[in-house]
Amino acid sequence: MTEPIPEQRRVLTVLVAAQILSGAGLAAGVTVGALLAQDMLGSTSLAGVPSALFTIGSAAAAVAVGRISQRAGRRGGLTFGYTTGAIGSAGVVAAAALDTAVLLFAALFVYGAGTATSLQARYAGADLAAPARRGRAVSTVLVATTLGAVVGPNLTTVMGDAAESWGIPRLSGPFVLSGVAYGLAAVVLWVLLRPDPLLLARSRAAAETLSGTVARTLSGTVGEDPAPVGDPPAPGRPWTPAVTAGVVVMIVTQLVMVAVMTMTPIHMRDHGHDVGATGVVIAIHVAAMFLPSPIAGMLVDRVGPYRVAAAAGLVLLASGVSAALAPPHSVAALAFALGLLGFGWSLGLVSGTALVTDAVPLESRAATQGTADLFVALAGAGGGLGSGLVVAAAGFPALALTGAAVSLVILPVLARRSAHVAQSAVH
């Protein structure tokens, strides 16, 4: 099948609409989360706590969204996730208004559900896609996030002014935008995501299996096994080497991206940049995360996910070196480094997603994907929490160089897996 089926076109259209909304919710909170925590806690070393908290919340939500999707389909899982993210956004606003750190921490944890759901949506885009088009299907969902993700950070000043006019702290304004955006995304998915892509994919797979059984019965080969397709994991063992390789790629890219991105606003404010300049840099970063994803998807479909994953490691390496060498007063230099960071993340996420999706059968796909994203989110939490400590102890350039070194972990993992695939092909 070279062209997408009609149902796939509808699914992608609905997902695109929801992702445009969720992108604004995702990026607006990321832009000011660390700044809000620094103001409320009075410490740079704790500025990475918000990123860690909503990333840990993202980890918990990834499992929940995956399990709900496994039982009830993508529509129920994604709607639950975005609704939870909207509730968390409202909690952050309340915490800032009341100046209550405990409530802030709890709300940031819940807010992380929006981040998890925004990423889980990429799997829904691949459910009905032919194997040769999965990379492009995943990238279509990711690129849809770009519009909202670019607009969101650039509305920080507007939302800050609105917050002050409402009598609440200026930095809580972007979280108002997040709550509205996540809520609208939930409504769009609940109302319009029909047919459910995962449930439809399962029913079609069951029908094809039944048809194959009938055909073999009529041809007198009912006792023979059909020819194997691909290399699916054994029942009850979804974590094949291919799945592990995909998860490692996504873990490394998420850890490096979150660590450097989290501390960039702090680094910029410490060197005299205002929130508007920070919003521009973060907007460029988020755009680079999602806008080039069609390129990543096309490369995955044409040259394979392993080569694209290796390229992700090299781009992240270049990003870390660029960020470390960027003059702190140069918005352009920081934007370039953060742009590379986003592009490397895009390559890693699309290629890792393809590796995991290709290796897991439909009957366990959603749950396995949710568990994979759990580990990815925990890696991001570690990156967010550790980033503040590294910057407080050694400075932002040291953090960037550490991220560059960690990104190289991808290469030996891929080399080992590629060697295993080549050896299996020979035998």
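Observations on the structure shown:
- Over region 66-113: Rg over Rh, Cα atoms, Kirkwood Rh: 1.16
- Peptides 254-267, 355-368 ranked from most to least packed give 254-267, 355-368, packing being the mean of other C-beta atoms within 10 angstrom over each peptide's residues.
- Taking all Cα-Cα distances within region 105-188, those exceeding 17 Å account for 58%.
- Helix 173-192 vs. the chain, principal-axis angle (Cα, 0 to 90°, nearest 10): 20 degrees
- Summing charges over neighbours of G297, with a neighbour being any other residue whose Cβ is under 11 Å away from its Cβ, gives +4 when K and R count +1 and D and E count -1.
- Stretched out straight at 0.36 nm per residue, the stretch from V331 to R194 would grow longer than its current Cα-Cα span by 44.9 nm.
- Most positive-pole-ward Cα, G77, A129, V321, against dipole of the chain from beta carbon charges: A129
- Each Cα pair under 8 Å and six or more residues apart adds its separation to the average, and for region 280-417 the resulting relative contact order is 36 percent.
- Length gained on full extension, I295 to A72, computed as 0.36 nm times the residue gap minus the Cα-Cα distance: 77.1 nm.
- Centre separation in Å (Cα based) which lies between region 136-191 and region 339-394: 22 Å
- Along each principal axis, taking the top coordinate minus the bottom one, the Cα set of the chain gives 77, 45, 33 Å in descending order.
- Every Cα-Cα pair in region 37-133 was counted, and those over 19 Å apart are 46% of them.
- For the pair H271 and A205, a Förster radius of 60 Å applied to the C-beta separation gives a FRET efficiency near 0.65, rounded to the nearest 0.05.
- Cα coordinate range in region 256-313, projected on the principal axes (Å, largest first): 45, 18, 11
- Cβ-based net charge around G160, under 13 Å, with every Lys or Arg adding one and every Asp or Glu removing one: -3
- Helix 6-41 axis, angle to the chain major axis (alpha carbon atoms, nearest 10°): 30 degrees
- Relative contact order of the chain, pairs being alpha-carbon contacts under 8 Å that are 6 or more residues apart, as %: 26 percent
- Cβ-derived FRET efficiency at R0 30 Å, N154 paired with A318, nearest 0.05: 0.70
- Across every pair of non-identical alpha carbons in region 264-361, the mean reciprocal distance, once inverted, gives a Kirkwood radius of 14.1 Å.
- Net charge of neighbours whose Cβ lies under 14 Å from the Cβ of A310, counting Lys and Arg as +1 and Asp and Glu as -1: +3
A short reminder: the numbers here are calculations on the coordinates, not readings from a lab. All values reported here derive from a predicted model rather than from experimental measurement. All Cβ positions, glycine included, derive from the backbone under ideal geometry; neighbour counts span all protein chains shown.
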